[in-house]
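Presented below is the structure to which this report refers.
The values are calculated or read from the model by the stated rules, or taken from the named source; none is laboratory data. None of the values given here were measured: they were computed from a predicted structure. With ideal geometry, Cβ positions are generated from the backbone for all residues, glycine too; neighbour counts draw on all protein chains shown. To get the accessible areas, we keep the full protein, side chains included, count just its heavy atoms, and leave off ligands, DNA and RNA. Shrake-Rupley method; radii C 1.70, N 1.55, O 1.52, S 1.80 Å.
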Amino acid sequence: MSSTTAPPRAEPPPPAAPRGPGRRPRAGRPDRSVLGLMLPALVPVVLFSVAPLVYGVYLAFTDARSGRNVDVAFVGPRNFADLLSDGDFWASFQIGLVWAVSVTVLQLAAGMGLALLLNQDLRLRWLARTLAMVPWAMPPVIVGLMWRLVYHPDAGILNATLRDIGLVSGDIDWLNDFSVALPAIIVVGVWTGMPQTTIVLLAGLQGVPRELREAAEVDGAGAWRRFRSVTLPQLRPVITTITSLNFVWNMNEFALVWVLTQGGPGGRTRLPMLYAYEEAFRYGFFGYAAAMGVAIVAVVLTVLAVYLRRQLKEMR
Amino acid sequence: MRRRILPLTAAALTGALALSACGTGADDGPVTLRFLSLAWQTESVEANERLVAEWNEANPDIRVEYVQGSWDNVNDQLMTGFEAGDPPDVIHNDSPALAGFAARGYLADLTGMIPEELKEDIRPEAWETATFGDQIVGVPFLQESQVFIANRELLEEADVRIPTPEDPWTWDEFAEASEELTDDDTYAVAWPLGNPVNRVLNLSLSYGGTFFEVDGEGRATARMGEPERAVLERIHDQIHTDRTADPGTVGMSGSDPLPAFFAEEYAMVQVGVYARQQVEEQAPEDFDWVTIPTPVGDTAEQGAASQTLSVAADSAHPEEAAEFISFFLNAENQVDLALGDWLLPTSQQAAAAPELNTEEDDWNVATASAQNLVVAPYLRVQGFDEWKNRVAQPALEEYFSGEIDIDELSERLETEGNDVLSRYH
């Protein structure tokens, strides 16, 4: 294992956070001046993250709904009980899992390919590296609008291209077809998320000592073998980190899919977050929507915990 | 890193804002009203802006600020605005949305604030679309009726009688004419059924199909009997049995089929009256089109909703807002608004205006269809929006694309539908 890379912990740390070599031993109790210094940073965190979160969790146990002069009552775990028997929610959850897992896996595969390529000594490498970052620079709403044009059944460039090379004859309505809508948005998800995966993997690749690969080459290992036995194990912590982060992001994706399909057709692309949004802001059931939010957080944390534990164990 | 907004956090924030926001407090200076308008056709936006400018010139004490909104997201926007206690003062919307907002107490009761003259000028059937309980929560001003636009040449070639408002087709005659009009490279009808719910429900009234029963306490249940099935089955038959309607248009919405209609792939296309504008603008020079009324069943009735102007209950100046609405929607101005959107005015004086009764662009046919508009029964249903999006929309899509039959459709509209509706009891 590389000595400069800390193993990821249960809460996803920023990728490859360097640890100072000479950490001072911690006192049992933080002293006053440290608290004073932390306060300015803590206030916004408490105000804008912790407080809304706590309020959201509280809402999940109430029957809060929209309206003027509505009495909100505490209903205990009733929202969660309703959630368990809500077929639509589970359908949406399943869609969310399919989406998050496929986007994360494909992002990793595509990002790895691109990172390996950009790690080579290519001419104009600086340009290629810059271009690879373009999707990252675009706000999700713009990406959504752009891809809606690409997928447009009559005027879209995708159908036009497919027609030109003779693959299809009619128009495919990518975003409104029950069977292709989900794959179509997954492609967009991969496209948008690739840059940060690529850049993190590229950073990781540059940390792999050249000597190791050279040594393997001298020992007669081919390109594939070098990748599998030298590069990949070295990259493992980076892969674990970026995959976990990507999974969380993708599970919580909202803006992109909202712009592309609004969850249609017939709910086939309704990710859990879109469902919660509808529940809260279209139909006005705030309490129930908050319960969905809490349930999603719980499931994401569980999945992550299991995944990270396994990864950490294998790395030891 | 990409920024994410968790709806959870957003929900929490909205709630927090609702607690902390309160009225702006009256001051003595000129009053400012925000007017959220959803006009989008060029002529209509121009008419809206011009009327606002006229008002501001005549009433320096009540300044109206024009805010452009969009039909796509207006209800989400309003919901957050209402919850935060800071909605626009004057709100443009349509009656299906009003029902839900009115039930939650977001809209001001305008009953005592509308001048007698305006009250009498607007048709009573239109007032019904904006009256919930005993409260008038909006002033209805534009209505949409359903029509067909036909290629006159193709109808004449096939020797098919062209129906008029006085002598419309029955559904049977419509089916026969469709057979005549269909040949190897032309379908008789294009039914764009991408967003079918409101339209199909409105048309079903010709056989008395109401789809819901509402009890004395306002609790609704979904119901699928013979009257409800009639129009659904006739449309379905055209697509899947008679093959007189193009199955390819089932996923389209609104005016999507127009280009193929101009290319003579269909003889008729089913649209709202406003689509005449696109036909007029986009049709080839020598294209001869005619607007024909929808077929009659037991009656010629169609369900209708209205576009409305409402005042937010949280507005600090409800009376001034009502005054502005009364000016904005007087008969003279309704003529301009109707012309701008190619829709039908609710004002009877406006409907009599010569501009709205010429044969040019078939305004006479369009305006005549207003006589058959009655309030759509679903407007009284709490939870209709969710029933529509969660249950009816996907179920109807599957029905019209031939994946399920009428019995399964009825079953879903009732069983799944009542699950949804029971949340609102």
Give the carbon-plus-sulfur fraction of the accessible surface of the stretch A:136-247 in %, rounded to a whole number; probe 1.4 Å, heavy atoms of protein chains only.
63
Options A:206, B:343, A:274, ranked by Cα towards positive dipole end of the protein assembly as shown, top entry (Cβ charges)
A:206
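In terms of solvent-accessible area of protein heavy atoms at a 1.4 angstrom probe, what is the ranking of B:170, A:130, highest value first?
On the way: B:170 50, A:130 80 Å².
Ranking B:170, A:130 by accessible area, largest first, yields A:130, B:170.
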Taking only Cα atoms and a 10 Å spring cutoff, compute GNM fluctuations for chain B and point out the largest among B:189, B:375, B:31.
B:31
In vacuo Debye scattering of chain B, one point per C-alpha: log10 I(q)/I(0) at q = 0.09, 0.11, 0.12 Å⁻¹?
-0.60, -0.89, -1.04
Rounded to the nearest 500, what is the 222 nm mean residue ellipticity of the protein assembly as shown from helices alone, with -39500 (n - 2.57) per DSSP H run of 4+ residues and division by all residues?
-15000 deg cm²/dmol
Assuming R0 = 22 Å, what is the FRET efficiency of residue A:179 and residue A:94, from their Cβ-Cβ distance, to the nearest 0.05?
0.90
Could you tell me how far the Cα centroid of the stretch A:68-83 sits from the Cα centroid of the stretch B:121-144, in Å?
34
Which parts of the stretch B:97-129 would a label at residue A:75 reach, counting a residue when its backbone N lies under 20 Å from a point 7 Å out along Cα-to-Cβ?
B:100-101, B:103-105
With springs only between Cα atoms under 10 Å, which of A:223, A:60, A:295 fluctuates most in a Gaussian network model of chain A?
A:223
Chain B, dipole about Cα centre (Lys/Arg Cβ +1, Asp/Glu Cβ -1), debye to the nearest 20
2100
Cβ neighbours within 10 Å, averaged per peptide: list B:67-77, A:88-98 in order, most packed at the top.
A:88-98, B:67-77
Starting from the Cα of residue A:314, step 7 Å along the direction of its Cβ; do the same at residue A:167; then give the gap between the two resulting points in nm.
3.2
Please list the non-local residues whose amide H lies under 5 Å from the amide H of residue B:306, H modeled 1.01 Å from N, same-chain partners needing a gap of 5 or more.
B:95
Expected max-MSF residue from B:256, B:385, B:134 in the GNM of chain B (alpha carbon, under 10 Å) is B:134
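Taking the Cβ of residue B:65 as the centre, find all other residues whose Cβ is under 13 Å away and add up their charges (Lys, Arg: +1; Asp, Glu: -1).
Around residue B:65, the surrounding residues sum to -1.
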Rank B:232, A:122 by accessible area, highest first, at a 1.4 Å probe radius?
A:122, B:232
Bins of 5 Å, starting at 0 and running to the largest distance - Cα pair percent for the stretch A:44-95
5, 17, 16, 18, 20, 16, 7, 1
Can you send over the carbon and sulfur percentage of the accessible area for the stretch B:175-290, probe radius 1.4 Å, protein chains only?
41
Please list the helices of chain A that count as membrane-span-like by this rule: a mean Kyte-Doolittle hydropathy of at least -0.5 together with Cα atoms stretching 18 Å or more along the helix axis, each helix being a complete DSSP H run.
A:32-45, A:87-118, A:181-206, A:232-251, A:286-315
What does the average come to when, for each residue of peptide B:97-110, you count the partner chain Cβ atoms lying within 10 Å of its Cβ?
2
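Per residue, how much accessible area does the stretch A:43-315 show when a 1.4 Å probe rolls over the protein heavy atoms, in square angstrom?
49
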Could you tell me whether chain A comes out rounded, prolate or oblate from its Cα gyration tensor? Rule is a ≥ b ≥ c as square roots of the eigenvalues, rounded for a/c under 1.5, then prolate if a/b exceeds b/c, otherwise oblate.
oblate
Work out, step by step, the length gained on full extension between residue B:355 and residue B:243: first 0.36 nm times the residue separation, then minus their alpha carbon distance; give nm to one decimal.
36.4 nm
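How big is the Rg/Rh ratio for the stretch B:244-329, C-alpha atoms only, Rh by Kirkwood, two decimals?
1.16
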Distance in nm between residue B:283 and residue B:316 label points, each 7 Å along Cα→Cβ, equals 5.2
Where the Cα pairs of the protein assembly as shown fall when distances are cut into 20 Å bins, in %:
14, 42, 31, 11, 1
Note: A:283-289 gets an average of partner chain Cβ contacts (10 Å, Cβ to Cβ) equal to 5
What does the average come to when, for each residue of peptide A:63-69, you count the partner chain Cβ atoms lying within 10 Å of its Cβ?
5
Quick check on packing: order A:228-236, A:101-109 by the mean number of other C-beta atoms within 10 Å, highest mean leading.
A:101-109, A:228-236
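Can you tell me the relative contact order of chain B? Whole percent, Cα pairs under 8 Å, sequence separation 6 or more.
Answer for chain B is 26 percent.
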Heads up, I need the accessible area for residue A:58: 1.4 angstrom probe, whole protein in place, Å², nearest 10.
110
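Under the rule a/c < 1.5 gives rounded, and otherwise a/b versus b/c splits prolate from oblate, where does the stretch A:28-177 land using the Cα gyration tensor?
oblate
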